[in-house]
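Bear in mind that the values in this text are calculations on the coordinates, not laboratory data. None of these values were measured; they are calculated from a predicted model. Cβ coordinates were reconstructed from backbone atoms using ideal geometry, including for glycine residues, and neighbour counts include every protein chain displayed.
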Amino acid sequence: MIGAPVITGFLGSFGGAIDFIFSRRNSVQGPELQVGGLEQIWELASTQIAISAVALLLAIVIAMPLGLWLGHRGTGEFLAVAVGNAGRAIPELALIALMVAFIGTGNLNVTIAVTILGIPPILTNAFVGVRQADRGAVDAARGMGMSELEIIRRVELPLAIPTIMGGVRTASVNIIATATIGSLAGVKTLGDLILSPNVYGEEGVIAGAIVVALLALMFELVLAGVQRLLTPRGLVLERAAARATA
Amino acid sequence: MPAAVATLLADVEIRAPGTGPTTCEGRNEGVCPGFIIENIDDYVSPLVEHVALVFGSVLAGFAVAMLLAILSHGRRWLIPPFIGATGVIYTIPSIALFLLLLPITGRGTLTALIALALYNLQIVYRNANAGLANVPAAARDAGAGVGMTLRQLLWRVELPLALPEIIAGLRIATVSTVAIATLAIFAGAGGLGEVLYNEGIQRDVFKTNIVFGSVLAVALAIAFDGLLVVVQRFAAPWQRARAL
């Protein structure tokens, strides 16, 4: 039922959006303001990458040790699960709006808000990952005379890597999405293109959406690579064996 | 809906912050309960739109994801491509997904429904898949032993036993969708994003609406989640609701 005009319209908008990414043009408001082009896209993207990367690192530094420690002690399940649920239930738009209303705008505030949305999946997954780590391996480590800290660092953490990285990847999606609408809080990220059709036009909006999607996929690929590097060889072999027998 | 839009716009004029520095809303204080009570009617249609968006998209996403799960059940080679495809969609930030659909479906409710439904696929599919895989072999053997066909086995044994995990996935998907649907405003589909953005941030950062919009969104998420817990008790009475 898709007619020819729909298809050409579809290609036309995307074609226009690609053109917007690569070449400058007059803004909707007139020729005195030039928009688009790789230089502007990069300027907006680099701000977003910087905020997202810092926020992701901060979220990992805050949430992972806490999740590992709670998981190791086997306490605080309620906290870990409740934080995870709350993180899903709080809309990113609400968080940004509340921040603008009560705390303020700017790079620092947006980075903090974005970090907050990155914490829940990492905390919950670190907790769950450690709880699911093979108890036999933990007992063996204790029998070898490892201290509790060593057990966390050298046994539970490596075994929990796939689960933890799952949390980090979810956090990365949350963070990039929220950094996008951070442009409502006075930070010029790619969201500026998406949220200001009256300046950039429809094609600018779609160009912004394309670049944001690519950015998220890029973060995902990098994190998948990191996960591959960090996953212990034993776990990879174990899974391959499980697949072969299944 | 032009008449409805017109009344909405008329109300907007009245509720503008700064109408009088002596009122709570005029001074744009944190929360003005008086203002909310006085204008409670204005929150009804965004809330109803929001509920409709969540309900429609979760239902559609759930149907497609279950179809995928049933398709890949017994055809294991389909599982990796399905997980991959739904995973790529899930990786795209929600606001970008809304706008990438604009050239295809235009501004409006349909675009928002499709984007939100696509976003649910990954969670529901993964859980349904895990639920079906975790069905005890003994239950399957017993079914086969009393002469069930593969289809009967699926509908009478495997799906019922997988139900707790399927509904756990549905709960996560629903709660996330309530939150993400606030962004539907940027696809021209209304919802609580209207209270947060159009009537909040864009009305000189009107705090009352930002707070009340956030409260409504979180309350809605909790309400939907509670509803699904009840559904689960009825749908799988032999198993107590497993909280995630």
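Which of A:Lys188, B:Lys207 comes first, and how do the rest follow, when ranked by fewest Cβ neighbours within 10 Å?
Placing the least packed residue first, the sequence is A:Lys188, B:Lys207.
Could you size up the charge dipole of chain A around its Cα centre, putting +1 on the beta carbon of Lys and Arg and -1 on that of Asp and Glu, and report it in debye to the nearest 20?
Details: 15 positive and 16 negative charges, 155 e Å.
For chain A, the charge dipole is close to 740 debye.
Kindly provide the helix-only [θ] at 222 nm of the protein assembly as shown, computed as the sum of -39,500 (n - 2.57) over DSSP H runs of four or more divided by all residues, to the nearest 500 deg cm²/dmol? Write down the numbers at each step before the final one.
Working: 21 runs with 356 residues, N = 490.
That comes out to -24500 deg cm²/dmol.
Roughly speaking, what is the centre-to-centre gap between the stretch A:11-43 and the stretch B:17-96 when only Cα atoms are used, to the nearest Å?
Each part reduced to its Cα centre gives a spacing of 30 Å.
For B:Val48, B:Val124, B:Val178, A:Val128, what's the fewest-to-most ordering of other Cβ within 10 Å of each Cβ?
B:Val48, A:Val128, B:Val124, B:Val178
Give the Debye-formula value of log10 I(q)/I(0) at each listed q (0.11, 0.13, 0.16, 0.17 Å⁻¹), with one equal scatterer per alpha carbon of chain B, two decimals each.
So the normalised log intensities are -0.67, -0.85, -1.11, -1.19.
If the viscosity is 1.567 mPa s and the temperature 4 °C, what Stokes-Einstein diffusion coefficient in µm²/s follows for chain A when Rh is the Kirkwood radius over Cα pairs?
Numbers: Rh = 20.3 Å.
Estimated diffusion coefficient is 64 µm²/s.
Note down the Stokes-Einstein diffusion coefficient of the protein assembly as shown in µm²/s, whole number, using a Kirkwood radius over alpha carbon pairs, 4 °C, and 1.567 mPa s.
Numbers: Rh = 24.4 Å.
Reported coefficient: 53 µm²/s.
Under a point-charge model restricted to the Cβ atoms of Lys and Arg (+1) and Asp and Glu (-1), what is the dipole moment magnitude of the stretch B:96-244 relative to its Cα centre, in debye to the nearest 20?
Here the stretch B:96-244 has a charge dipole of around 300 debye.
Kindly write out, for the stretch B:227-235 in residue order, the coupling ³J(HN,Hα) from the Karplus curve 6.51 cos²θ - 1.76 cosθ + 1.60 (θ = phi - 60°), rounded to whole Hz, with x marking Gly and Pro.
Karplus values, whole Hz, x for Gly and Pro: 4, 5, 4, 5, 4, 5, 4, 6, 6.
Express the Stokes-Einstein translational diffusion coefficient of the stretch A:13-72 in µm² s⁻¹, to the nearest whole number, given a Kirkwood radius over alpha-carbon pairs, 4 °C and a viscosity of 1.567 mPa s.
Using the Kirkwood radius from Cα pairs, D works out to 90 µm²/s.
For the stretch A:135-246, count the residues as N, evaluate 2.2 N^0.38 Å, and divide the Cα radius of gyration by that value, please.
For the stretch A:135-246, the normalised Cα radius of gyration is 1.60.
What is the helix-to-structure angle for B:79-91, meaning the angle in degrees between its Cα long axis and the longest Cα principal axis of chain B, kept from 0 to 90 and rounded to the nearest 10?
The answer is roughly 10 degrees.
Would you mind ranking B:Trp77, B:Trp155, A:Trp69 by Cβ crowding within 10 Å, fewest neighbours first? Could the numbers behind the result be given before it?
Details: B:Trp77 7, B:Trp155 13, A:Trp69 17.
Ranked by crowding around the Cβ, least crowded first: B:Trp77, B:Trp155, A:Trp69.
As an exercise, find the ratio Rg/Rh for the stretch A:37-83 from alpha-carbon atoms, using the Kirkwood inverse-distance average for Rh.
Ratio of gyration radius to Kirkwood radius: 1.32.
Measure nothing fancy, just the Cα-based angle from helix B:2-15's long axis to the longest principal axis of chain B, in degrees from 0 to 90, nearest 10.
The angle comes out at about 60 degrees.
Angle check, please: helix A:233-245 long axis (alpha carbons) against the longest principal axis of chain A (alpha carbons), in degrees 0 to 90, nearest 10.
The helix A:233-245 is inclined about 90 degrees to chain A.
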